[in-house]
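Have a look at the structure below before the remarks.
The values are calculated or read from the model by the stated rules, or taken from the named source; none is laboratory data. All of these numbers come straight from a predicted model, not from anything done at the bench. When we count neighbours, we look across all protein chains shown, and the Cβ atoms used for this are built from the backbone with ideal geometry, even at glycine.
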Amino acid sequence: MQYDEFKNNDYLERMVQQLNDDGAGVILTTFDDLINWGRSNSVWGLLLGTSCCAIEFMALGAARYDMARFGFEVTRNSPRQADVLVVMGTITYRTAPVMKRLYDQMAEPKYVVAVGGCTISGGPFIKSYNVVNGIDKVIPVDVYIPGCPPRPEAFYYGLMQLQRKMKVERYLGGVNRKTEANDEVNDNETEKAKGGQV
């Protein structure tokens, strides 16, 4: 917008002068907040769709459920460029090693979203000999989106929960996931709280 197009230049000039006098020209925040804001609003997903949940996910890219508004429309076909693995559909024991390999090839920080009853618990195939009863037995899952298949609104809710999780993490320093060292510290604190000696 050109300077001449403003209706009230005097008011704007006074406002800018006041902001400069008060030292408000510097944005103060933590690097964690800034980085997490950028990461949560530009989620790059790697899609692993094996059945009907993947068809339902395709509706998110259409005009009615435009996922570009939320910042997760970019999907990558390479695990090296993705930060979220979205697993949709039935995962068999034959597919599980491929899914694990894709997860291992992703760079940290990485997240997993389990979509649909088949992915979360085996769904209607829970007693089948060849279906994994929940991908959390193979890789760690951050967000579960239940349904058979879930509606696009459920997809949105689950992906927005992932964005909220990203925003509160510590990107620079600190540990977000459970590690053996953290487990040992937590066990010691639990023993102290119970009155035991460590």
Exercise for the section: Take region 108-158 and flag every residue that is of a type in the set (G, A, S) and out of contact with any Pro (no Cβ under 8 Å at 6 or more places or on another chain). Expected result: A114, S121, G122, G123, S128, G134, G147
Completion exercise
Output for Cβ contacts, cut-off 9 Å, separation at least six or different chains, first residue at positive phi and in contact (Cβ under 8 Å) with a residue 40 or more places away in the chain in region 95-116, second of a type in the set (V, I, T) and outside any helix (DSSP H, G or I), reads G116/V87; G116/T90; G116/I145
Practice task
Tell me, yes or no, whether region 160-170 has at least one residue that is closer than 23 Å to D104 by Cβ, modelled with pLDDT of 70 or more and surrounded by 17 or more Cβ atoms within 10 Å (Cβ to Cβ).
Solution key: yes
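Which one of these is modelled with pLDDT of 85 or more, over 20 Å from P140 (Cβ atoms), part of a loop (DSSP other than H, G, I, E, B) and out of contact with any strand residue (DSSP E or B) (no Cβ under 6 Å at 6 or more places or on another chain): S128, S78, S42?
On the way: S78 fails: modelled with pLDDT of 85 or more; S42 fails: modelled with pLDDT of 85 or more.
That would be S128, the only listed residue that is modelled with pLDDT of 85 or more, over 20 Å from P140 (Cβ atoms), part of a loop (DSSP other than H, G, I, E, B) and out of contact with any strand residue (DSSP E or B) (no Cβ under 6 Å at 6 or more places or on another chain).
Can we say L47 is surrounded by fewer than 19 Cβ atoms within 10 Å (Cβ to Cβ), among the hydrophobic types (A, V, I, L, M, F, W, C), in a strand (DSSP E or B) and touching a strand residue (DSSP E or B) at 6+ places or on another chain (Cβ under 8 Å)? Reasoning before the result, please.
Details: surrounded by fewer than 19 Cβ atoms within 10 Å (Cβ to Cβ): yes; among the hydrophobic types (A, V, I, L, M, F, W, C): yes; in a strand (DSSP E or B): yes; touching a strand residue (DSSP E or B) at 6+ places or on another chain (Cβ under 8 Å): yes.
Yes: the conditions hold for L47.
Give me the residue from region 28-44 that is hydroxyl-bearing (S, T, Y) and without any contact (Cβ under 8 Å) to a residue 60 or more places away in the chain and, out of that set, surrounded by the fewest Cβ atoms within 10 Å (Cβ to Cβ). Let's see the steps before the verdict.
From region 28-44, those hydroxyl-bearing (S, T, Y) are 29-30, 40, 42; that's our starting set.
Filter once more, so that each one left must be without any contact (Cβ under 8 Å) to a residue 60 or more places away in the chain: 29-30, 42.
On the way: T29: 8, T30: 11, S42: 12.
Among those residues, the one meeting the criterion is T29.
Quick one: in region 139-155, of everything that is touching a helix residue (DSSP H, G or I) at 6+ places or on another chain (Cβ under 7 Å) and part of a helix (DSSP H, G or I), which residue is farthest from S40 (Cα to Cα)? It would help to see each step written out before you state the result.
Filtering region 139-155 for residues touching a helix residue (DSSP H, G or I) at 6+ places or on another chain (Cβ under 7 Å) gives 139, 141-150, 152, 155.
Going one step further and asking which of them are part of a helix (DSSP H, G or I), we end up with 152, 155.
Working: P152: 19, F155: 16 Å.
Ranking the qualifying residues of region 139-155, first place goes to P152.
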Fill in the blank from the handout: Checked against (1) in a strand (DSSP E or B); (2) at pLDDT below 80, V86 satisfies every condition except (2)
Fill in the blank from the handout: Pairs returned, first residue in region 57-79 that is in contact (Cβ under 8 Å) with a residue 60 or more places away in the chain and farther than 18 Å from L162 by Cα, second residue that is part of a loop (DSSP other than H, G, I, E, B) and of a type in the set (A, V, I, L, M, F, W, C), beta-carbon separation under 9 angstrom, 6 or more apart or interchain, are none
